[in-house]
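Below: the structure, in structure tokens.
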Amino acid sequence: MKIPANYIVAGILLALTLSPALASAQTAQDTASYYDGSSEPTSVRRERMRQYRQQSTNLSSLPDTANPSVFIPVLFGVGLKNIYPNFGDPRDGGARTHEGEDIMAVKGTPIVSPTAAVVLRAGDNGGSEGIYVYTANPGGETFVYYHLDRVGEGVVPGLVLAQGSLIGYVGNTGNASGGAAHLHFELPDSSGNPTDPFPRLNAEFSLQQKMDYLTTIFTQTADVRAMAQFLVTNFRSTFTSAVNAGIIVPAPINFALLSTPAGTAPTSGNLLPAGDLELGSSGAAVTALQKYLILANSGPAAVRLAGAGATGYFGAMTKAALLEFQIAKGISPANGYYGAATRTYIAAHPIGTSVAVPPPTGTTALTRDLYLGISGEDVRTLQKLLNARGFMVATTGAGSPGNETTYFGLATQAAVIKFQIARGISPAVGRVGPATRAALGSL
């Protein structure tokens, strides 16, 4: 029996986009196991960390006293105003609690060591933590980094790290798969008991330090040009601030600043890539395509891509969103490949900024930061504003127009990310802070 072609395409799309993390993301249950870190019992993880330290060498190089102040380990796009306490939040329906600090950030952003350290373990054991790095730190402490996109180049057990040395890159692996990229950062005490990292995450690296650390990272990365384009596309203001302050920026960044146009948000077709793109492609061209697909919002695959953000890497998530877009627009062949037919369609259908819509009446003002897991009438207002401006929280059911809720779930976060990308707000991580509130109020 011959299977109709549209059945085959639909099957491929379903396989690529299926992700339980985004199903009906407006309920508290949907986020109960999201951003988990590890689901292992604390006692098991404590013993495992003790064994890591016993098996490691070079620990004598570390100071005996712990650093009371810990620098934010995400090198770009995250400052003190961008983090909030989430240690102790309930997980698995209250069966356990969150034992770290989730730091939302753009996928692929470098993570560096806040202190001198020695790498204890690095890899991916297929568990809930995803790709991970454990380091021994001053004062007998162990720092834990979960859900990485990949481990930093050359980061292996026994490696001695200076402050600012590369750990890895922000991702969403393990039980964060399919959701917004972030770093799950743990700071257990010398006995392995979990402690709240938030009070100690009270320092940011200076611009000079960031440029110095990045210079070293460029000597490690395999694709210097792609990384420079990615960083300039997402964090241009950081580098222009450094230049204006008379700080020497790495040569690849200088080149990318000159070659990568400012304001790469896809508001017209001519900002989108001219060449073909496929699975495995990377760089600013992929970032531009991803932003277009997020704004096009053709279906669940686009929502999933919005949750991860425009990373500059063409992976399965981008292919699924592109395939979904091609099917929705009748582009043939619909195969998830960015070629001539898709380029022609996009060039003829640029996505402009949203038309101004009066704010909904009878709503609560947005006066506080809003983020995943928070509740209140101001969340309902946020959903109404997003829906009214075309950044749909949901098309049917909870969160859809007329059915807005008071809970900030994954679908709300994805809609906020789409709005932030469209308005050029960085970092576009789905947290509603002063810049996003101001942008929502200005329309």
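Laboratory data are not the source of any read-out in this text; all were calculated from the coordinates shown. Being a predicted model, the structure only gives us computed values, none of them experimental. FYI the Cβ positions are ideal-geometry reconstructions off the backbone, even for glycines, and counts take in every protein chain you see.
When peptides 247-253, 311-317, 72-78 are ranked by their average number of other Cβ atoms within 10 Å per residue, the highest-first order is 72-78, 311-317, 247-253. With the cut-off at under 17 Å, measuring from each backbone N in the range 105-140 to a point 7 Å along the Cα-to-Cβ line of LEU59 picks out 116-122, 134-140.
When the Cα gyration tensor is reduced to axis lengths a ≥ b ≥ c, the ratio a/c is 1.5 or higher for the range 136-268, and with a/b above b/c it is classed as prolate.
In sequence order, the range 239-251 has phi-based couplings of 6, 5, 5, 5, 4, 5, 8, x, 8, 6, 9, x, 4 Hz under the Karplus curve 6.51 cos²θ - 1.76 cosθ + 1.60, θ = phi - 60°, and Gly or Pro positions carry x.
For the range 76-205, the square roots a ≥ b ≥ c of the C-alpha gyration tensor eigenvalues yield an a/c under 1.5, which makes the shape rounded.
Computed from backbone phi with θ = phi - 60° and the Karplus coefficients 6.51, -1.76 and 1.60, the 3J(HN,Hα) list for the range 141-152 is 7, 10, 9, 10, 10, 10, 6, 5, 6, 6, 6, x Hz; x is used for glycine and proline. Separation of the alpha carbons by more than 26 angstrom is noted, of LYS210/LYS418; LYS107/LYS384; LYS107/LYS210; LYS107/LYS329; LYS210/LYS319, for LYS210/LYS418; LYS107/LYS384; LYS107/LYS329; LYS210/LYS319. Ranked by the mean number of other Cβ atoms within 10 Å per residue, highest first, peptides 58-67, 105-114 order as 105-114, 58-67.
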